[in-house]
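The values are calculated or read from the model by the stated rules, or taken from the named source; none is laboratory data. As the structure is a prediction and not an experimental result, all values here were calculated from the model. Because the Cβ atoms are built from the backbone with ideal geometry, glycine has one as well, and the counts that use them run over all protein chains shown.
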Amino acid sequence: MNAEATPSGGRVPAPGKRRTYELPAKLSRPALLGRLEEAGYPVESSGASTETDVYFDTQAGHLYRKGLRLRRRALARGHVWQLVGAGSGPLESLTSGEGFPTEGPVHDEVTRRTKGNVLFAFLQIRFRQERYSMTGPGGSRFDLLLYTGLRFTNTLSGEHKTHPPLATVRRMKGDPNESEYLGVFLRDGAGLRRVSGGLFPTGLKHLSIAPPGAPLPASLLVRGEDPMTVAGRKVLAQQLYRMRANTAGTIEDLDIEFLHDLRVASRRARAALQLFRDILGRRRCEPIRRELKWVADVLGGVRDLDVFIPNLDTRYEAALVNPEGRAWITGAFREQRKKALAELVEALQSRRFALLLQRMERLAESPPPRMPRGNGALPSHSAGAALVEGAVKRVLKLARKMGDAPDEEGLHRLRILFKRLRYTAEFFKSTLDRDPKKELALLVDVQDCLGEHQDAVVAMERLSALALNPPGGESLPPGLLLEIGALIQAERAVAQQRRDAFDGLWSKFRKAYF
Amino acid sequence: MKVAFLSDIHANYPALVQALELASRLGAERVLAAGDAVGSGPHAVEVIRLLRQKGVESVMGNVDRKVLALLEDPKRLRKLLRKKHSNPSWTASLLGPEEHAWLSGLPFDRRIRLGEIDVLVTHGSPLGDCDYVYPSITADALASKLGPDSPGLFVCGHSHVPFTKAVSGIRVVNCGTVGKPVDGDPRGSLALVEIEGSDARARIHRFAYPSEGLAEDLRKRGAPDDRIREFLEGRKQESP
């Protein structure tokens, strides 16, 4: 029990945690107060106000994952920013405008924790808050907050919904058991429903928004005892959950990580449909896989540029490109990204995409067959381990076959097989005794090296295409062409460097494994 | 005049809430309880507070007596709490001075007059709070339990088996149990007695109550699965 010492040496219980309850439709606010009075909890009002809170976090949920909430509350004289959960009380900073504080405790702590990642609004909550204090029959003191006129808004999509009134209760003083007694009265005596968390999680749930960082709900984790028919459905549901969690942020282009995570989830969904095709049914999997390929292509058009454009800065340094050249080249690629993003947004807002998500949902939520075929009835602990082992063997078999001087086609196939292994291991991670990536650590280095080589090759093609087909159709001035040529040269050097490094890594890998 | 009789609440708060609501809906002007307000269930404090708040006139049951004995012997209570966590000792450890005072103020029985009828309310029988009165009770057995000063209406509990029957001109009512049925029907029971002059008509009412919270609280307070099933299924679990 949390407790603090009294001057006399006794122990005084620390205030309890705030508990949140939803009022049933048939119980009005005055009726609740009346029931409390009747049950021996006389209430005393200590004020009321109408508030608008906006909750912020990063795409990866740097704050949410650590149990923190960053909220901005509008005041008559400006805004107060509060970081809740970082210590005994919230950290606070006042700002005159809506912008994030540029200094002060909230700025310092949030910047430290989010490592400079982009912060944006996830959820807006409007409510009227009535504050009460009450004393229970056992002499304990409680703080009661009633939230009425609740309206939750998804700040990314603009969707909003009203919500039945909520009440939160916190024991401020007295026996901790008194919180239990009051809880039992509120639940069984007054008919209130306990909800987990406070306003923020309630709002996320009410609007069906994934929390910042989209942590997987426990219900979607594959457990060792799950039969493969269930595991396949859960893995697909996981990818669908992540795709949905990252769609609005991608459309709004708030952080490139939304797009990246959406792409990763769509790729994994394709891999899952391939891996579980016999369990989930080929006829149901194939059309979804085709549509996911379409999504992956439109996402890839933007994502490749998201990787390429920031890389340009280091290449400019290497190729000594002049400032005018830098501005023009970066501008041209930014324009390309803008066009690709417009196509992507159109795709993500299309009926085709909505139908794809619906089909995925239907398949993920379909009841598993009572008499599954093949290994569908096996527990995922053993069947998953066998699949991972099979994928490891396929990678090693191909690597052995490729010999000392692998050709381009061999390397391409190796990348595909290795990616399948990674996804398979990822799908069954929660059921495996060990992570096969540790066994294949050297191959991970090989794969990373190959990836960087591939990026440099694609960059050369992209730069050549810009030089040959500049925007507007007019030929480029010779100075600019020379600058682009220098950049291609820099990319070529990177490709060569990666290729040299690859040869060393490959021989190290073969020595270690064969 | 309508009077509701309850018994054997066994610290089941949601069941008591439903019982009192039903009594009110049935038009009961008075509510009496035939003992064992606490024990077995997780809501001893909540139940006592509600009974006090609603002015339910109660008598002491055998489990109430056990808990009270522990409250009055703190040394033994501390020892028991250290050694094993039995339900009576755990219940006693929760009760504050007000609940203690309420328990110690409970009479063994209540003899009241309703209309023209003399009523005896006790937990088991006048022979003791562990004595059972079942539906099979005969006139002789009843006479030996009640003695020469027999009432017109005899109300008891303890067996958790509700029934009402007239035996040798005496209306016998066992209220069954509000909180812990044993007959395979998980609903609670109460008796509603309608009195007109010297005539007493009794009827047993069964009522359902939301038991999810009860199960959650039992689990939270470390009750074994068997005990939880007993509450939820309304039957005694067989020992393995």
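A few remarks follow.
- Here B:Ala37 fulfils each of the conditions (1) of a type in the set (A, V, I, L, M, F, W, C); (2) away from every other protein chain (no Cβ under 12 Å); (3) surrounded by fewer than 24 Cβ atoms within 10 Å (Cβ to Cβ) apart from (3).
- The residues in segment A:116-147 that are free of Cβ contacts under 8 Å to residues at least 40 places away in the same chain, outside any strand (DSSP E or B) and away from chain B (no Cβ under 14 Å) can be counted, and the count is 1.
- Annotation note: of B:Ala215, B:Ala200, B:Ala191, the sole residue that is under 26 Å from B:Arg235 (Cα atoms), part of a strand (DSSP E or B) and small (Gly, Ala, Ser) is B:Ala191.
- Being surrounded by 18 or more Cβ atoms within 10 Å (Cβ to Cβ) and either hydroxyl-bearing (Ser, Thr, Tyr) or not assigned by TED's automatic domain parsing to the domain that holds A:Gln349 (or both) is a description that applies to A:Val184.
- Condition check for B:Ala200: in contact (Cβ under 8 Å) with a residue 12 or more places away in the chain, small (Gly, Ala, Ser) and away from chain A (no Cβ under 14 Å): yes
- Matching residues, segment A:131-147, being at pLDDT below 95, of a type in the set (S, T, N, Q) and surrounded by fewer than 20 Cβ atoms within 10 Å (Cβ to Cβ): A:Thr135
- B:Leu22 more than 12 Å from every other protein chain (Cβ to nearest Cβ) and surrounded by fewer than 18 Cβ atoms within 10 Å (Cβ to Cβ): no
- Only a single item in (1) over 24 Å from the mean Cα position of the chain (by Cα); (2) crowded, with 23+ Cβ neighbours inside 10 Å; (3) over 19 Å from A:Leu432 (Cα atoms) is not met by A:Gln239, and it is number (1).
- Scanning segment A:178-220 for residues being part of a loop (DSSP other than H, G, I, E, B), within 13 Å of A:Arg18 (Cβ to Cβ) and either charged (D, E, K, R) or within 14 Å of chain B (Cβ to nearest Cβ) (or both) gives a total of 1.
- Selection status of A:Arg170, assigned to a strand (DSSP E or B) and within 14 Å of chain B (Cβ to nearest Cβ): no
- Options A:Asp445, A:Asp433; residue that is among the acidic types (Asp, Glu) and part of a helix (DSSP H, G or I): A:Asp445
- Answer residue from segment A:394-411, given it is at pLDDT 85 or above and over 32 Å from the mean Cα position of the chain (by Cα) and is nearest to A:Gly224 (Cα to Cα) among those: A:Lys397
- Residues of segment B:53-89 that are more than 14 Å from chain A (Cβ to nearest Cβ) and not in a helix (DSSP H, G or I): B:Val56, B:Glu57, B:Ser58, B:Val59, B:Met60, B:Gly61, B:Glu72, B:Asp73, B:Lys84, B:His85, B:Ser86.
- Among (1) of a type outside the set (Lys, Arg); (2) surrounded by 21 or more Cβ atoms within 10 Å (Cβ to Cβ); (3) more than 17 Å from A:Lys338 (Cα to Cα), the one test that A:Val264 misses: (2)
Yes or no, residue by residue, for (1) within 14 Å of chain B (Cβ to nearest Cβ); (2) of a type in the set (Gly, Ala, Ser); (3) in contact (Cβ under 8 Å) with a residue 60 or more places away in the chain:
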| site | (1), (2), (3) |
| --- | --- |
| A:Ala31 | no, yes, no |
| A:Gly34 | yes, yes, no |
| A:Gly40 | yes, yes, yes |
| A:Arg72 | no, no, no |
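- Residues that are among the aliphatic types (A, V, I, L, M), closer than 16 Å to B:Arg171 by Cα and assigned to a loop (DSSP other than H, G, I, E, B) were ranked within segment B:115-152; the one that is nearest to the chain's Cα centre (by Cα) is B:Val133.
- Residue, surrounded by the most Cβ atoms within 10 Å (Cβ to Cβ), within segment B:183-240, restricted to residues that are closer than 19 Å to B:Tyr134 by Cα and hydrophobic (A, V, I, L, M, F, W, C): B:Leu190
- Restricting segment B:1-19 to residues that are within 10 Å of chain A (Cβ to nearest Cβ) and polar (S, T, N, Q), the residue that is farthest from B:Gly213 (Cα to Cα): B:Gln18
- Failed criterion for B:Lys180 (all others in (1) surrounded by fewer than 19 Cβ atoms within 10 Å (Cβ to Cβ); (2) basic (Lys, Arg); (3) not in a strand (DSSP E or B) hold): (1)
- Residue count for segment A:86-119 under the criterion of being closer than 22 Å to A:Ser196 by Cα and touching a strand residue (DSSP E or B) at 6+ places or on another chain (Cβ under 6 Å): the result is 1.
- Residue tally, condition over 23 Å from A:Gly249 (Cβ atoms) and either of a type in the set (Ser, Thr, Tyr) or in contact with a Phe, Trp or Tyr (Cβ under 9 Å, 6 or more places away or on another chain) (or both), over segment A:324-353: 4
- If only residues of segment B:1-53 that are under 11 Å from the mean Cα position of the chain (by Cα) and of a type in the set (Gly, Ala, Ser) are counted, the one that is nearest to A:Gly189 (Cα to Cα) is B:Ala11.
- Test: A:Arg290 is out of contact with any helix residue (DSSP H, G or I) (no Cβ under 9 Å at 6 or more places or on another chain) and either of a type outside the set (Phe, Trp, Tyr) or under 29 Å from A:Asp57 (Cα atoms) (or both): yes
- With respect to the stated conditions, A:Asp455 is in a helix (DSSP H, G or I) and within 23 Å of A:Arg303 (Cβ to Cβ).
- Failed item, numbered, when A:Gly232 is tested on (1) free of Cβ contacts under 8 Å to residues at least 40 places away in the same chain; (2) surrounded by 20 or more Cβ atoms within 10 Å (Cβ to Cβ); (3) more than 14 Å from chain B (Cβ to nearest Cβ): (1)
- Summed over segment B:209-235, the residues that are more than 12 Å from chain A (Cβ to nearest Cβ) and at pLDDT below 90 give a count of 7.
- Residue within segment B:157-175 that is at pLDDT 95 or above and touching a His at 6+ places or on another chain (Cβ under 7 Å) present: yes
- Which listed residue is free of Cβ contacts under 8 Å to residues at least 60 places away in the same chain, within 14 Å of another protein chain (Cβ to nearest Cβ) and farther than 21 Å from B:Val56 by Cβ, from B:Ser136, B:Ser93: B:Ser93
- Residues in segment A:60-115 that are polar (S, T, N, Q) and assigned to a helix (DSSP H, G or I): A:Thr111, A:Thr114.
- Unique residue being surrounded by 15 or more Cβ atoms within 10 Å (Cβ to Cβ), aliphatic (A, V, I, L, M) and modelled with pLDDT of 85 or more when the list is A:Leu450, A:Leu443, A:Leu417: A:Leu417
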